[in-house]
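Let me begin by presenting the structure, written as C-alpha cells, before commenting on it.
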Amino acid sequence: QQQVKQSPQSLIVQKGGISIINCAYENTAFDYFPWYQQFPGKGPALLIAIRPDVSEKKEGRFTISFNKSAKQFSLHIMDSQPGDSATYFCAAILMNRDDKIIFGKGTRLHILP
Amino acid sequence: DVKVTQSSRYLVKRTGEKVFLECVQDMDHENMFWYRQDPGLGLRLIYFSYDVKMKEKGDIPEGYSVSREKKERFSLILESASTNQTSMYLCASSLWGTGNFEAFFGQGTRLTVV
C-alpha cells in the first residue's frame, strides 16, 4: 500500500537524448509526487514535483507526466546533458500530519558525452 | 541559505558500540527524518519526528532509536551497532503542512561497523 515502484534501476542515454524514468504507486491517498536528484557525495535535492490534479508539469528541460487512473508518473529529461548524470528518486507523500515521504529505489542515470 | 548539517561525514565503529548520529537544521522546520541509503534499496525511512519530543517509527526502526529534545536537533542512536547497519545515513527536515512540500537533506554520514 505504501510502496512506490521505480524503473529502470539504471539508464544510459546519449547526450541530447530524452531520459525517461517511470514510477508507480498503489495508495490512492498520496497527494504529492516529487522527484529528487542526488549527485555523488551529496544528499538528495528536490528537482520538480506535481499534485495529482495536474497531468503534466514542466520546468525547463524536466517534465513530470502524471496518469492518475493508472497510478503512474514519470520524469522526462529533454536534451539530456552529462551534468544530468545522477541518481533520481521518485517519491510520494501523504500531506497530512505525518508528511512522510515514501521513496522509490532510485535510478542511476548516466549521460554519454 | 537553508541548511541541514550532519555531525560526521564518515564514521567507523566497532560491533556492539553505542553510536550517535547528530543532525541540526537551521530552518525552524517541524518535521525531521532519518533515512538509510543502500545500493539497490533506495532511501528507507528509519524514524521521523513532527515535533519536539514526538517520534514515529518508519519502515525499518529495528535496532535504532531517536531523540528530539530541541526543535533544531534530531539524533539517531544505534543502541548496539552491528555490521548490517553499515550504510549511508541521511537526515532531512521539512516544514509541516506547506503547499509546496520540500524536504532538505544533509550530506549524509557513511557509517562502517567493523
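The values are calculated or read from the model by the stated rules, or taken from the named source; none is laboratory data. The structure presented is a predicted model; accordingly, all values stated were derived computationally and were not measured. When we count neighbours, we look across all protein chains shown, and the Cβ atoms used for this are built from the backbone with ideal geometry, even at glycine. Heads up: the accessible areas ignore ligands, DNA and RNA and are worked out on the full protein's heavy atoms, side chains in. Shrake-Rupley method; radii C 1.70, N 1.55, O 1.52, S 1.80 Å.
Hey, residue B:62 hits all of (1) assigned to a loop (DSSP other than H, G, I, E, B); (2) farther than 25 Å from residue A:5 by Cα; (3) away from chain A (no Cβ under 14 Å); (4) open to solvent by 40 Å² or more (accessible area, probe 1.4 Å) but one; which does it fall short on?
Against the list (1) assigned to a loop (DSSP other than H, G, I, E, B); (2) farther than 25 Å from residue A:5 by Cα; (3) away from chain A (no Cβ under 14 Å); (4) open to solvent by 40 Å² or more (accessible area, probe 1.4 Å), residue B:62 comes up short only on (2).
Within segment A:42-80, track down each residue that is away from chain B (no Cβ under 14 Å), open to solvent by 30 Å² or more (accessible area, probe 1.4 Å) and outside any strand (DSSP E or B).
Correct list: A:55, A:60, A:61, A:68, A:69, A:70, A:71, A:78, A:79.
So, in segment B:29-41, of the ones that are in a loop (DSSP other than H, G, I, E, B) and at the interface with chain A (Cβ under 8 Å from one of its Cβ atoms), which residue ends up surrounded by the fewest Cβ atoms within 10 Å (Cβ to Cβ)?
Among those that are in a loop (DSSP other than H, G, I, E, B) and at the interface with chain A (Cβ under 8 Å from one of its Cβ atoms), it is B:40.
Are there any pairs, at least 6 apart or on different chains, whose C-beta atoms fall under 6 Å, with the first in segment A:92-113 and of a type in the set (Lys, Arg) and the second modelled with pLDDT under 95, and if so, which?
A:105/B:42
Exactly one of these conditions fails for residue B:44: (1) in contact with a strand residue (DSSP E or B) (Cβ under 7 Å, 6 or more places away or on another chain); (2) surrounded by fewer than 20 Cβ atoms within 10 Å (Cβ to Cβ); (3) over 17 Å from residue A:91 (Cα atoms); (4) of a type in the set (Lys, Arg). Give me its number.
Against the list (1) in contact with a strand residue (DSSP E or B) (Cβ under 7 Å, 6 or more places away or on another chain); (2) surrounded by fewer than 20 Cβ atoms within 10 Å (Cβ to Cβ); (3) over 17 Å from residue A:91 (Cα atoms); (4) of a type in the set (Lys, Arg), residue B:44 comes up short only on (3).
Exactly one of these conditions fails for residue A:83: (1) away from chain B (no Cβ under 14 Å); (2) farther than 24 Å from residue B:43 by Cα; (3) without any contact (Cβ under 8 Å) to a residue 40 or more places away in the chain; (4) loosely packed, with under 14 Cβ neighbours inside 10 Å. Give me its number.
(2)
Counting just the residues of segment A:30-41 that are assigned to a loop (DSSP other than H, G, I, E, B) and within 10 Å of chain B (Cβ to nearest Cβ), which one comes out nearest to residue B:94 (Cα to Cα)?
That would be A:31.
Kindly indicate the residue of segment B:98-114 that is surrounded by fewer than 21 Cβ atoms within 10 Å (Cβ to Cβ) and either under 10 Å from the mean Cα position of the chain (by Cα) or in contact (Cβ under 8 Å) with a residue 24 or more places away in the chain (or both) and also nearest to the other protein chains (Cβ to nearest Cβ) among those meeting that condition.
Out of the qualifying residues, it is B:107.
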